[in-house]
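Input: a single structure, listed below in structure tokens.
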Amino acid sequence: MLKFVLLLMIFSQIIFGKELYITKNKNEQIILENFRKEEIKVGVLKNYFTDTKVNGVSLDDILQDMLENYLQLNVKMEEGSWDEIYSKFSKGEIDALNFTTQTNERKKLSYFTETLFGENLYVASKSKKINSKNTLNDSIIYLTKGSIYEYYLDIFIKNNDLNIEKRYTENNSNFQNEYHLDSEYNVIDITNKIEIGRLPDISMAFSKKYKSLIPIINNALNEKYKNRINDWFVTKKNQIFQENFYKELNSEELAYLENLKNIGIIYEETGSLSYYSKKTRKYEGVIPDFLSVLFKGMEVQLIDKSVVNEEWYQKFSKFERNYIDIIPMSRNAEREKSYIFTKKLFDLSVYKLNCFKQTNEKKIGVIENGIEENVTRRYFLDDEIVTYIDRRKMIKDLKDHKISSIVTFDLNDLDKMRYTIEQLEVVPVNLALKKENYILRDIIDKAIDKVVDKKDILKKSELQNKNYVLEILDKKNTKYNNILTILIFVLVVLALQSYRIIMQKKKNKELLKDSLTGLLSRRVFEEFCLNKNYLAGVAIIIDLNKFKVVNDSYGHEVGDEVLKAVSNCLKIVFKRDYIFRISGDEFYIFADKECIQNKFKDIETVFRNTPILKKNNIGFSLGYYIKDSQVNMKDSFKYADIAMYNAKKSKIYKIKEADQDFINETNRKEKIKEYLKTSIENEFYPAFQPKYELSTGKLSGAETLARWENKELGFISPGEFIPLAEEIGIIHEIDYKMAEETIKYLKKYLKENNIKSEFRISFNLSAETFKRTEIVEKIDNYLKKYQVSGENIEVEITESMILTDLNDVIKKLNLLKGMGIKISIDDFTAGHSTVGLLTTLPIDIVKFDRSLILALKDDIQKGKAIYLALTKMIKSLELKIVSEGIEEESELEFLKSIDVDYGQGYLLGKPGKSL
């Protein structure tokens, strides 16, 4: 039903062209249907800026359109003074207020929608000057009776020790020439004004019964109407700008402007003032945003002819050749000989960056004909200055220490950790024009004076460039009201640069050092890897041994003391190297390779001689990789990390180098693990090694061995792939593959050879496979699938099997035996744990490991005695014996002589794809 309603609404919109709100779910549909049945009375404040028409539409009209047309609610708008409409709202005689400041008192009566816009509070006058806050001392200020504005005025009076008389009115519009208190939106076109505070957010307020309607109204605002409200403000401000601007123009300027269709400009990279955004693919920042508003108000198209990464001399050359009309540039006496300039737009900080490592002579790099060159020549001698036309070449020479310093205003592309920074001077930024364009210059100057609310432009620029933080300053008074807003811009740009440096220093303190140990942090390590790839040296990773035991047993306080002691040890040994604390007990070091082995010995010594480490038996595992300048820094630490984990498997102070053989081996293991995930089904195959009854020489069966031939790596031995399969948790897939292949081959072999006597082929099951709940069911299904009797199957288990849940192992073994399957224990070596369980486990066969045969060669008499004793013990338990690894005739004859039942080995037969 809901889908039908939604489709009907969409078709109605297409057919009749009327945009309606589309409900998001059935609950929203029910809520709207219920409220559409009743009349909703909305209180509207008379003579408030929201009833001002802009292109025939007011803010009141926009909200009414949302409620009536978009949401299809039955709305009645009731106008009145603030006292009238708020009184009715409090009594429940009206249901909502259209534009309302949020307060705690009002929240008791209502629910608010999302914020519609923010609002600042001003004292203004159309005829009386306001030079500063003190201008208002001993004055009269008019304000609307019962308005929330009075609360913020009282705070302003108290904070500034002012003596002010308040007079209440029903409507402030009759007191525009007096000092009056009003919203910023009511005084946009008034020059004489001062901001006294920020009001809480403006929203719509609805009585409590409309709680369920609020989320729907918020959806409508976000979908369409917030943008319409914002567009209304932009258009309103532009209209005021144009009205004030055109009043200032004389007839010659009006005629010039009428014939001016467009103006070409090129922007330069100047940090927060102007920068190229890869995201929007255009220049952004304070200057582009300000000029966009300026020329839009002048109704002149501003064409950006900038080319990304173009050097200053190339931009300036285009200006000289009249390819563009204006260019942002600092004025000086030399330039004023050739060009004319507008009023100052903003101030720009010029910095001198100095290398920590000073060259033999002072050489200061600067861009030729740029803003910085003029500043540089005021402070330094000509023979100390090196001019460049290519900024990238200048920065490279600085990094290579061919010059000792550079002078620049753009710090964004520089590693500030490598240099000291000092501010040389603050210079103004103007627009430069050719001298014949003096009329255009005068027009632009007048437009600069009349731009409405320049602070909004700065706020927008702040959001576009997150590296700069906007902090509006209002510390200085101005003597001339017509340039008040421009001065605010100047102060803001200065504040941006200062705030950025302060915050960077604070950020460095907080983020560059680990708070517990004082070592460099993970964040610095990440930046180090990005910026220091060119370094050669030794990447080292140290992980503490037994730290977790200490931390868990004695608490974090003791653990922290251990970490501090370790960091002190590292500082002593690697005092000239980079040391990072990456995680709890893991430390990364990048050291010079000179005397590195001595440093490793020193760290062992220091650890042993540190009381708290010695007391708690804290050791370390260390992996390292010797890096040349061509190897990626992160890869170097990756190799060191692998070496560290390899070392961790060994002694307490084990140190392991990730040399090329180790890396090749590691890479091979990673490749094998990757191929294992996809190759078992298609590349693995069984090899069958025959087993013979030694007394008769008759073939009695075989053992299935897993083999792997990879298309890239070739033959991979089980000694390589089995541990890796266990590591990544897929050994059971290999075991199942071999089990099925064994049973499948067995059916074919029995049929082709017409074997009816006892004949068994065995396959191995790992401890991990045997833990799986479906193991018995799997083998039973394979037997049924290929119609093979369990009496022809032998399952081999290992000693490690019994280290798991013994009861579970016995239960599963008995189930397998119930199918007729024989059970053998593989790799028997007379270990205490295995011998002790021979009578406990339901096994049929014991397979003697080849190591028992090899013992014959070491000491024939003792070896034979051990073998004979074990054979008699197994026989006394009525178990069969298989001897593995028979490779010589003498071994075979000995085994026959002591009555061993079965044998297998290369002497009797090598593994093959068939028997």
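See the values below:
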quantity	calculated
Residue within the range 707-719 that is open to solvent by 50 Å² or more (accessible area, probe 1.4 Å), of a type in the set (D, E, K, R), in a helix (DSSP H, G or I) and assigned by the TED database to the domain that holds residue 824 present	no
Filter result (at pLDDT 85 or above, open to solvent by 20 Å² or more (accessible area, probe 1.4 Å) and farther than 19 Å from residue 229 by Cα) within the range 106-131	106, 107, 108, 109, 111, 122, 126, 127, 128, 129
Test: residue 744 is among the basic types (Lys, Arg) and open to solvent by less than 30 Å² (accessible area, probe 1.4 Å)	no
Condition met for residue 863 (out of contact with any Cys (no Cβ under 6 Å at 6 or more places or on another chain), assigned to a loop (DSSP other than H, G, I, E, B) and open to solvent by less than 20 Å² (accessible area, probe 1.4 Å))	no
Qualifying positions in the range 20-51 - free of Cβ contacts under 8 Å to residues at least 40 places away in the same chain and of a type in the set (A, V, I, L, M, F, W, C)	22, 30
Those strands (runs of 3 or more DSSP E) lying entirely in the range 206-315 with at least 2 residues surrounded by 16 or more Cβ atoms within 10 Å (Cβ to Cβ)	262-265, 275-277, 282-284
Yes/no for residue 573 being assigned by the TED database to the domain that holds residue 522, more than 19 Å from residue 537 (Cα to Cα) and free of Cβ contacts under 8 Å to residues at least 40 places away in the same chain	no
All positions within the range 132-156 that are among the aliphatic types (A, V, I, L, M) and at pLDDT 85 or above	136, 140, 141, 143, 153, 155
Those residues of the range 55-69 which are open to solvent by less than 10 Å² (accessible area, probe 1.4 Å) and either over 20 Å from residue 199 (Cα atoms) or not assigned by the TED database to the domain that holds residue 222 (or both), in sequence order	58, 62, 63, 66, 67
Identity of the residue in the range 85-141, without any contact (Cβ under 8 Å) to a residue 12 or more places away in the chain and not polar (S, T, N, Q), that ends up nearest to residue 172 (Cα to Cα)	105
For residue 190: the one exception among (1) assigned to a loop (DSSP other than H, G, I, E, B); (2) more than 28 Å from residue 86 (Cα to Cα); (3) open to solvent by 20 Å² or more (accessible area, probe 1.4 Å); (4) of a type outside the set (Asp, Glu)	(3)
Single residue of the range 379-398 satisfying the filter (touching a residue at least 12 places away in the same chain (Cβ under 8 Å) and more than 23 Å from residue 273 (Cα to Cα)) that is surrounded by the most Cβ atoms within 10 Å (Cβ to Cβ)	398
Those residues of the range 671-706 which are part of a loop (DSSP other than H, G, I, E, B), surrounded by fewer than 19 Cβ atoms within 10 Å (Cβ to Cβ) and of a type in the set (A, V, I, L, M, F, W, C), in sequence order	none
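Conditions (1) within 23 Å of residue 286 (Cβ to Cβ); (2) touching a Cys at 6+ places or on another chain (Cβ under 9 Å); (3) not assigned by the TED database to the domain that holds residue 436, marked per residue:
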position	(1), (2), (3)
346	yes, no, no
350	yes, no, no
377	no, no, no
388	no, no, no
391	yes, no, no
396	no, no, no
404	no, yes, no
411	yes, no, no
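The values are calculated or read from the model by the stated rules, or taken from the named source; none is laboratory data. As the structure is a prediction and not an experimental result, all values here were calculated from the model. Virtual Cβ from ideal backbone geometry, glycine too; neighbours counted across all protein chains shown. Side chains are part of the model used for accessible areas, which takes the heavy atoms of the whole protein and leaves out ligands, DNA and RNA. Shrake-Rupley method; radii C 1.70, N 1.55, O 1.52, S 1.80 Å.
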